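Novice: Below are the structure tokens for one structure; questions will follow.
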Amino acid sequence: MAAQGNDAPLVEVRHLKEYFPVNTGFFKTTPLKAVDDVSFSIKRGETLGLVGESGCGKTTVGRTILHLYEPTDGVVVYDGKAVVGPKEKVDIDKFATPADGGSLKGNILSLNEYRTKTTMVFQDPYSSLNPRMTVSDIIAEPLDVHKMCANAQEREERVLELMNRVGLNSEHASRYAHEFSGGQRQRIGIARSLAVNPEFIVCDEPVSALDVSIQAQVINMFDELQEEMGLTYLFIAHDLLVVRHISDRIAVMYLGKMVELADAAEIYDRPLHPYSKSLLSAVPIPDPKIARANKRIPLQGDIPSPLNAPSGCPFRTRCQYATEACAASMPEFKEVEKGHFVACHRTADINA
Ligand SMILES: Nc1ncnc2c1ncn2[C@@H]1O[C@H](COP(=O)(O)OP(=O)(O)OP(=O)(O)O)[C@@H](O)[C@H]1O
Ligand SMILES: [Mg+2]
């Protein structure tokens, strides 16, 4: 976990939506709302953990923030500038605030420049590396794309420096990815991500495919790299202990919506949303006294299909506290205590 940077957000996500058109019949498509009106921000030097059940939209949030998917709506403001791709059609001024002077149009970051500041580390170190390229070429590919090296010697020196930085033996630069173990492959993926000297990295389940013994080494490396390079992370993981270890703050998603966000310790000790209460009650606690007191709250039923999400609050069909109000409208995602955001009509009653 990094020391917190200053308080100005590096990444601001405003009302982000990502809808995928899905064929649901003869000449009929229905929008699958993978991410549905999500807003949050990440401070410079901070790690924001992102958790939630499989299919709730974590990867889609990460990819859409980086504009690997074109947002259906909403805007990402990076270091005060709106990120806009060349063909993107969202009216970004819908999301301008008084702090932007009411308009974002004069303050735009091109996608090309954004790509030199941001990057992604993928879950699967086996399929994310091209088997026909040497490690050296894999790591140097982003340098080539962005024409960041003046000549071959500079390129080689940069590759060797990156390999050293992630703990790989630079003598192995001419080998192929399949000659490495899972942990080493993930290091290659990380070296490649660091090539452009990014400030912000979306880490999408970067240790989930690794042996438990290797996971800790790679997690520690993320910590060290953050310290050395002042990196900012969005860290997606389903292992709640890993997330707790690495995150400064944690966000919880459910069916395309953000339901809770707070400091890591706060959300584990005192989750306010009924979904977070269930999810986090499954985390093993090393202290037996606390562990006995901390009862598990099982989640009932299955997560509904995002093609057919419940009206109002998406969690209401599995929530023991749900009332008619929960079916009528989606609760606002609001700050109920300093730095603690929650989207639940019944927070005040159930946490009284
Ligand atoms: N390219 C796509 N086309 C259509 N639907 C998609 C696409 N990518 C994701 N989805 C759907 O969007 C929803 C969210 O998927 P996403 O991969 O973001 O979830 P996730 O939280 O990352 O899940 P996991 O924990 O399994 O990785 C799912 O219902 C998924 O089926
Ligand atoms: Mg995912």
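Novice: Within the range 20-34, can one find any residue that is of a type in the set (S, T, N, Q) and modelled with pLDDT of 95 or more?
Specialist: No, the range 20-34 contains no residue that is of a type in the set (S, T, N, Q) and modelled with pLDDT of 95 or more.
Novice: I'd like the full set of residues that are farther than 20 Å from Ile139 by Cβ and within 16 Å of ligand 1 (Cβ to nearest atom), limited to the range 197-220.
Specialist: Across the range 197-220, the qualifying residues are Glu205, Ser208.
Novice: Among the residues of the range 36-43, is there at least one that is within 11 Å of ligand 1 (Cβ to nearest atom) and not basic (Lys, Arg)? Lay out the reasoning, then the answer.
Specialist: Going through the range 36-43, the residues within 11 Å of ligand 1 (Cβ to nearest atom) turn out to be 36.
Next, only the ones that are not basic (Lys, Arg) stay: 36.
The answer is yes; a qualifying residue exists.
Novice: Suppose the filter is in contact with a His (Cβ under 6 Å, 6 or more places away or on another chain), outside the structural domain of Pro142 (by TED's automatic domain parsing), small (Gly, Ala, Ser) and at pLDDT 95 or above; does Gly74 pass it?
Specialist: Yes: the conditions hold for Gly74.
Novice: Then there is this: Give the residue that is farthest from Cys319 (Cα to Cα), with candidates limited to residues of the range 270-282 that are modelled with pLDDT of 90 or more and either charged (D, E, K, R) or outside any helix (DSSP H, G or I) (or both).
Specialist: Arg270
Novice: Something else now. Can we say Ala262 is more than 16 Å from ligand 1 (Cβ to nearest atom), outside any loop (DSSP other than H, G, I, E, B), under 24 Å from Val76 (Cβ atoms) and assigned by TED's automatic domain parsing to the domain that holds Thr323? It would help to see each step written out before you state the result.
Specialist: Working: more than 16 Å from ligand 1 (Cβ to nearest atom): yes; outside any loop (DSSP other than H, G, I, E, B): yes; under 24 Å from Val76 (Cβ atoms): yes; assigned by TED's automatic domain parsing to the domain that holds Thr323: yes.
Against the criterion (more than 16 Å from ligand 1 (Cβ to nearest atom), outside any loop (DSSP other than H, G, I, E, B), under 24 Å from Val76 (Cβ atoms) and assigned by TED's automatic domain parsing to the domain that holds Thr323), Ala262 qualifies.
Novice: Just to be sure I understand the filter: pairs with C-beta atoms under 6 Å, separated by 6 or more residues or on different chains, first member in the range 340-352 and at positive phi, second member of a type in the set (D, E, K, R). Which pairs pass?
Specialist: none
Novice: Which of the following residues is buried (at least 20 other Cβ atoms within 10 Å of the Cβ), assigned by TED's automatic domain parsing to the domain that holds Ile246, out of contact with any Ser or Thr (no Cβ under 6 Å at 6 or more places or on another chain) and under 24 Å from Thr59 (Cβ atoms): Val212, Val166, Val202?
Specialist: Val202
Novice: Thr134 is checked against (1) in contact with a Ser or Thr (Cβ under 6 Å, 6 or more places away or on another chain); (2) farther than 25 Å from Ser208 by Cα; (3) of a type outside the set (Lys, Arg) and fails just one. What number does that condition carry?
Specialist: Condition (2) is where Thr134 drops out.
Novice: Select from the range 224-266 the residues that are more than 16 Å from ligand 2 (Cβ to nearest atom) and among the aliphatic types (A, V, I, L, M) and list them in ascending order.
Specialist: Hits for the range 224-266 are Leu225, Met229, Leu231, Leu241, Ile246, Ile250, Val259, Leu261, Ala262, Ala264, Ala265.
The rows are residues; the columns are (1) small (Gly, Ala, Ser); (2) part of a helix (DSSP H, G or I); (3) within 16 Å of ligand 1 (Cβ to nearest atom); (4) touching an Asp or Glu at 6+ places or on another chain (Cβ under 9 Å).
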position	(1), (2), (3), (4)
Arg192	no, yes, no, yes
Phe222	no, yes, no, no
Glu228	no, yes, no, no
Ile250	no, no, yes, yes
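Novice: Considering each of Glu12, Glu18 in turn, give the residue that is within 16 Å of ligand 2 (Cβ to nearest atom), buried (at least 19 other Cβ atoms within 10 Å of the Cβ), touching a residue at least 24 places away in the same chain (Cβ under 8 Å) and assigned to a strand (DSSP E or B).
Specialist: Of Glu12, Glu18, the one residue that is within 16 Å of ligand 2 (Cβ to nearest atom), buried (at least 19 other Cβ atoms within 10 Å of the Cβ), touching a residue at least 24 places away in the same chain (Cβ under 8 Å) and assigned to a strand (DSSP E or B) is Glu18.
The values are calculated or read from the model by the stated rules, or taken from the named source; none is laboratory data. Just so we're clear, the structure is a prediction, and the values are computed from it rather than from any experiment. Glycine also receives a Cβ, built like all others from the backbone with ideal geometry; neighbour counts cover every protein chain displayed.
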